[in-house]
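What follows is a single structure, written as structure tokens, with notes after it.
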Amino acid sequence: MPDVHLGRLGYMAAWRKPRNGKYQGLIGLMLVATGISAFILIAYTLQITGLTLTEPTSRALLLGFLPIYFSWQAPPLIAVIAAVSIGMAVVVAFVGLEIRDANLARRSHDAGHKKLSPWVLMKSTEGVFHGEVTITALIPAHNEEDLIAATIRSLMGQDRKPERVIVVADNCTDQTVAIARSLGIEVFESVNNASKKAGALNQVLETLLPQLGENDTVMIMDADTVLRQGFLSTAAKHFTDDRGLSAIGGLFFGEDRRGLLAQIQKNEYTRYSREISRRKGRVFVLTGTASIFRARSLRTIAEERGRLLPGIPGQVYDTHALTEDNELTIALKTLGALMMSPPECMVETELMPNLKALWRQRLRWERGAMENIATYGVTSTTARYWSQQLGLGYSVFALWTYFLLIVLQVVSSDTWVWYPFWIIMAMIFIAEKVWTVRKANWKAKLLAATLVIELLYDTFLGIIFVKGALDMALGRKAHWGDDHSKDLKQVSA
């Protein structure tokens, strides 16, 4: 197939919603303050309930000769009830706002603000046949010679093949372009692009989107992604059956990589897929690993940049966003779009091989997510995203306080004291951890049963969260270098 040679994207001198550094700094401070409040609240609870670490203990003999010490000390019932009630109230409030916003968007007749609501889309195409659903796949790639062939083969090996595949080569200096061409795939090479993945996609979409009709879709998938069989046929059926559907996101699982760190990430992704399933396919983030968009949806986003949405008019992707897939999801939701993640749309994605790479990836995700909600502000659409960030801040410091209490207990006593109440709580946490990965292999369940390893991993992620929030609060600019192909995929924690 012939290569695609498109002209350089002409940037419009246009108004864009400003990134207010002071406002983002306040957001960072608020997230840190929310976390610190967890520590203060727990400490205050210990004080007013009279809970101490020097409670008298009981002694028993294990196996008839091994002495153990234990204490029946436990938080007062009223404190437990209050904690559970507050947590449930917060969850119900934010989830309720999310569901309400989604339901209102689906029924909205406001073609001026909710331009992608199902009613608006279906009304505008009523009684007209726009042809069968087509899929044009774009694969943004920067020096992906080791992975691009497997990605292309998984795409072309689908039981329902895409009508067109274009590798979007962005400043490649290796054999990515040559390999793609050798497999008969179209190649678009970005021109003078300094905006990484988002900029390269903007260039190709500027020329591609005007050629596509109402039933044409665009799939954007990372060059390190392998599709599970049935992804495209499932997506095409959903777009055919529902003219009001704007986008479909994939559910991702980890590649077949061995090692403890790899298994921890696999468990994390397994739980994410389970959470989406429990949400009945409601999308939290349209993952950059592989998502499909109705062409009209992408055109509408480009039209609304600088008006209803932040960004430069005419560009689909906001090149100032660190996590473009998260920002694009919020943009679609702001316009009332209906999105879903069917369980059949599964993709295999690359796992971070070491802690350094993982740190870089997750810091980008966290900082990007914070900046996105700071840019959009507090709305019914972003309520769920705000609740996630505030919840993360609170849980991080709550977990650290728990560890601190353990340390204080150890140093303040000559003997180790067992607390049956907290042992029961630990058993409940272990059961929950194992249950949420029950569909994975035995390694996943064994790792979950240890609890401690995943708690340490959560602590690692907590440090990243605090780092991202502090960087925002102090106005530090994010620097990510030129390697922008390995750490762009988003997960919701």
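No lab work stands behind these numbers, since they all come straight from the coordinates. All values reported here derive from a predicted model rather than from experimental measurement. Methodologically, a virtual Cβ is constructed for each residue, glycine included, from the backbone with ideal geometry; neighbour enumeration extends over all protein chains shown.
If I stretch the segment between Q388 and V128 completely, what's the gain in nm (0.36 nm per residue apart, minus their alpha carbon distance), one decimal?
Extra length available between Q388 and V128 comes to 89.5 nm.
Take each of the peptides 241-248, 447-454, average the number of other beta-carbon atoms within 10 Å over its residues, and list them starting from the highest.
Result, highest mean first: 241-248, 447-454.
Quick one: divide the alpha-carbon radius of gyration of region 344-478 by 2.2 N^0.38 Å and tell me what you get.
1.28
For region 161-286, what is the convex hull volume of the alpha-carbon atoms per residue, in Å³?
Looking at region 161-286, the number lands at 157 Å³ per residue.
Using amide H atoms built in the peptide plane, which far-off residues or other-chain residues are under 5 Å from T136 H to H?
Result for T136 returns T217, V218, M219.
Could the peptides 176-185, 283-292 be put in order, highest first, of the mean number of other beta-carbon atoms found within 10 Å of their residues?
By packing density, highest mean first, the sequence is 283-292, 176-185.
Tell me which residues come under 5 Å, amide H to amide H, from V347 once H is placed; ignore anything under 5 positions away on its chain.
Long-range HN contacts for V347: R228, L251, F252, F253.
How do the peptides 160-170, 315-325, 422-432 rank, highest first, by the average count of neighbouring beta carbon atoms within 10 Å per residue?
Output ranking for 160-170, 315-325, 422-432: 315-325, 160-170, 422-432.
Show the residues, 5+ positions off or on another chain, whose built amide H is closer than 5 Å to the amide H of W418.
Amide H neighbours of W418: Y69, F70, S71.
Could you give the length gained on full extension between E255 and N192, defined as 0.36 nm per residue of separation minus the Cα-Cα distance, in nm?
19.4 nm
If a paramagnetic tag sat 7 Å from the Cα of Q211 along the Cα-Cβ line, which residues of region 101-145 would have the backbone N under 20 Å from that point?
130-141
How far apart, in nm, are two points set 7 Å out from the Cα along the Cα-to-Cβ line at S233 and at W72?
My value for the distance between the label points is 6.2 nm.
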